[in-house]
Amino acid sequence: MKRIITATVQDRSGVLNRITGMLYKRQFNIDSISVGNSEIEGLSKMTFVVEVGDHQKLEQLTKQLNKQIDVIKVSDITDKAIVARELALVKVGGSGHLHAEIQGIIAPFRASVIDVSKDSLTIQITGKPNKVEALISLLRPYGIKELTKTGVTAFLRGQQPKQVTEINSFTI
Amino acid sequence: MKVEAKQEMERTKVLRTGSDLLIETLVDAEVDTLFGYPGGAVLPIYDALYRNKAPFEHVLSRHEQGSIHAAEGYARVTGKPGVVLATSGPGATNLITGITDAMMDSLPLVIFTGQVANSVIGTDAFQEADIMGITTPITKYNYQVKNVSDLPRIVKEAFHVASTGRPGPVVVDIPKNISAAITTEKFENDFYLPGYQPTKTPNPLQIVKLADALSRSKRPLLLAGAGVLSANAAEELKEFAEKYQLPVANTLLGLGSFPGSNSLSLGMAGMHGMYAANMGIYECDLLLNIGARFDDRLTGNIEHFAPNAKVAHIDIDPAEIGKNISTAIPVVADAKEALKALLTSSIGMPDHKVWKERLQSNKTNYPLWHEKSDELISPQWLLKQVYRVSNGEAIVTTDVGQHQMWAAQYYAFDKPNRWVTSGGLGTMGFGFPAAIGAQLGAPNDLVVSVVGDGGFQMTLQELSVIKERNLPVKIIIVNNEALGMVRQWQESFYEERYSESLLSQNPDFVKLAESYGIRGLKIDNENDVVETLEDVFSYDGPVVVDCRVVQLECVYPMIAPGKGIHEMIGVTK
């Protein structure tokens, strides 16, 4: 099962290395990691998307993350009301006459063309990972020349429902 | 004083450096022994040691591995962090085995490594190694000092992290320009570690749950690990076990946390543990693990580990709970605090006379056994005599292998912190340098280092150290001219193909000892053992005793790899 886990960490040198090293050593399967500054100076936020086999593995993962001295808080937010976004840049081939067609495909996804050249155009898409994935598969027939993704970044919504009735309300 | 004279004095005075600051922080941390080896990148620190006439001892090992194992031995017997200093590059990489060993066995160490100057870090400079990268997976935490003003805080944090919570090794990497930097920095006591708050006191609800489970249990069993020792909780454990008459099994590293000769003690559990202890684990209905980590050498095949038991686990490290064995009652706490809480809670313990009798009969009916030797010495019998002649009061350090298991089986440890062995990593070469640290930490105690002929040859250069300081360490070489445990496994599981496990070119250990100026003895007959040991243990100085034992002796009983804890072989003759 895929889980989204966030961690607040101290901004010290080697923190990312320490954490990825621990994940590697303990054989956790990471789909993506995204890291950046947080609202507090000196603290960074990490978002992990992890494939874990069972609850025991998941518990081990959060415990091992918590055990890291630079880690201040760890949360598994998969089953909560969250906002989660990923950014992808996709460069597709094709000359002028395809541009209109591609524009038509990306419009409903609210993606945008951010670079055009004689024989390629680059599309930026932001959204939930499944939306990003859907657009990428639609673009695939046009010949993807280059693709890069940021990995998921996420946090809790401002308001949480009183009781979570739907488990795993967010699907990746 | 004339102005010129004063100016001249100011000019010639040695200015205060980062190294002086380091020494000040070590003095503040109450360090009394520093294990180290000099080299280029730590010359400023060694110069400061010389200039400051530091009020602590520096012990010069003959290889950095000797320093760090000695620091581990020191940490084990004193409970204080062992402190190590080594130079950059090869000096630091020579520490890796010991750092990993301390990590696996949760020993508090603070390790200072020199580093090339900040300006050349990352250029593959002379004697540069990425010690931060190398030690990240094998330390509890590590630091590289980027600014001399951070040095006191970092050292303070390092001692705090190493010795609190679940103890472990912490590396502080100090670039040469930092240790040489002129500083006016004052020593400060402050530090800030918001992400490190070990839970010492147990959750009261979990204690209630545990007390309730104990009240319902018909076949309870305590499993005591090294966490009891690092929490200094041996007294509480004894009081708890005796109050409720609970049988106790020990892990290898937990030996001594409960008196081995106590009638409630089932002895060591695990691969070469006692039948009674392992069957206790197999048959119990409540297993209370206190400070052990359910290592695979303890559990055997986990499918058969405590199959009918409710498992409760007290550990200061939450990540250990449920890691290997699923746990019904987790208690995150220091063992001492948890046991205190249990002692004050009301437990309506039922009488488990039948259960205790059953365990006792296993203990009586399936004791350890060994053959008597007609030629050379039976190693098991030798270890029994070591126990007897030392009145069970020695601090025993060992390497890894057959001699280690025989020492664990035949030496009943009644007091805590007298058993110094490499459990998790299984490090050959550990035992003898660890004895040096143990003796320095406990100068008035008899320190016996039981080593194999293989492991001893990995670190025997430290004989210079015991000679230099006249440390009265007694080195008992259990010499079977083989890498005994390897040979045993080759006999049992590789159809006697003794691939590279026989040591036919051992040195003459007596002459070797003598060449270091140390008394050397050799015994190859059981009739001479007791007299020799009496002589050796009463001699005021170091002795190397080459004990020639039967080569083909095996360690029994045993749980074969992949087998369950109830499937021991070699239980009876």
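One table, with the values for the structure above:
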{"item": "On Cα atoms only, tilt of A:15-25 relative to the major axis of chain A in degrees", "result": "80 degrees"}
{"item": "For B:Arg519, distant residues with modelled amide H under 5 Å away", "result": "B:Val544"}
{"item": "On Cα atoms only, tilt of A:96-106 relative to the major axis of chain A in degrees", "result": "40 degrees"}
{"item": "Estimated [θ] at 222 nm from DSSP helical runs (n ≥ 4, -39500 (n - 2.57)) normalised by residues in chain B, nearest 500", "result": "-11000 deg cm²/dmol"}
{"item": "Cα gyration tensor shape for chain B, rounded if a/c is under 1.5, else prolate or oblate", "result": "oblate"}
{"item": "Residues whose placed amide H lies under 5 Å from that of A:Gly94, excluding near-sequence neighbours", "result": "none"}
{"item": "Calculated P(r) tail over 19 Å for region B:2-183, as whole % of Cα pairs", "result": "54 percent"}
{"item": "Gain in span if fully extended, A:Ala100 to A:Ile30, counting 0.36 nm per residue against the direct Cα distance", "result": "21.5 nm"}
{"item": "Region B:184-314 - Rg (one decimal) and Dmax (whole number), Cα, Å", "result": "17.4, 66"}
{"item": "Around B:Ala92: net Lys/Arg minus Asp/Glu count, Cβ-Cβ under 12 Å", "result": "-4"}
{"item": "Label-point gap, in nm, between B:Val120 and B:Glu303 - each point 7 angstrom along Cα→Cβ", "result": "5.8 nm"}
{"item": "Cβ-based net charge around B:Ile316, under 15 Å, with every Lys or Arg adding one and every Asp or Glu removing one", "result": "+2"}
{"item": "Solvent-accessible area of B:Phe413 with every protein chain in place, 1.4 Å probe, in Å² to the nearest 10", "result": "10 Å²"}
{"item": "Average other protein chain Cβ within 10 Å of Cβ, residues B:315-323", "result": "4"}
{"item": "³J(HN,Hα), Karplus 6.51/-1.76/1.60, whole Hz, each residue of region B:181-186, x for Gly, Pro", "result": "4, 6, 9, 10, 4, 8"}
{"item": "Surrounding net charge for B:Glu500, when Lys and Arg each add one and Asp and Glu each subtract one, Cβ distance under 15 Å", "result": "-2"}
{"item": "At R0 = 30 Å, FRET efficiency that the Cβ-Cβ distance of A:Asp119 and A:Thr150 yields, to 0.05", "result": "0.70"}
{"item": "Stretchable slack from B:Phe187 to B:Ser538, in nm (0.36 nm times residue separation minus alpha-carbon distance)", "result": "121.7 nm"}
{"item": "DSSP-loop trypsin sites (Lys or Arg not before Pro) across region B:149-219, with at most 10 other Cβ within 10 angstrom", "result": "B:Lys186"}
{"item": "Binned Cα-Cα distances of region B:379-555, short to long, each 10 Å bin given as a whole percent", "result": "10, 42, 37, 10, 1"}
{"item": "For region B:104-146 and region A:56-83, distance of Cα centres in Å", "result": "28 Å"}
{"item": "Rg over Rh [alpha-carbon atoms, Kirkwood Rh] for the protein assembly as shown", "result": "1.04"}
{"item": "Inter-chain shielding of A:19-29 (mean C-beta neighbours from other protein chains, 10 Å cut-off)", "result": "1"}
{"item": "Partner chain coverage, peptide A:62-73 - average Cβ within 10 angstrom", "result": "5"}
{"item": "Solvent-accessible area buried by pairing B with A, both sides, nearest 100 square angstrom, 1.4 angstrom probe", "result": "1600 Å²"}
{"item": "Computed accessible area, B:Lys80, all protein chains, 1.4 angstrom probe, square angstrom", "result": "80 Å²"}
{"item": "Calculated [θ] (222 nm, deg cm²/dmol) that DSSP helices of n ≥ 4 give over chain A, each run adding -39,500 (n - 2.57)", "result": "-8000 deg cm²/dmol"}
{"item": "Derived scalar couplings ³J(HN,Hα) [region B:221-233; Karplus, 6.51 cos²θ - 1.76 cosθ + 1.60; whole Hz; x for Gly, Pro]", "result": "8, 9, 10, 10, x, 5, x, 5, 6, 5, 8, 6, 10"}
{"item": "Above-threshold pairs, the threshold being 20 Å between Cα atoms, out of B:Lys336/B:Lys356; A:Lys25/A:Lys45; B:Lys218/B:Lys310", "result": "B:Lys336/B:Lys356; A:Lys25/A:Lys45"}
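The values are calculated or read from the model by the stated rules, or taken from the named source; none is laboratory data. None of these values were measured; they are calculated from a predicted model. No Cβ is skipped: glycine too gets one built from the backbone with ideal geometry, and neighbour counts run over all protein chains shown. Side chains included, ligands, DNA and RNA excluded: accessible areas come from the protein's heavy atoms. Shrake-Rupley method; radii C 1.70, N 1.55, O 1.52, S 1.80 Å.
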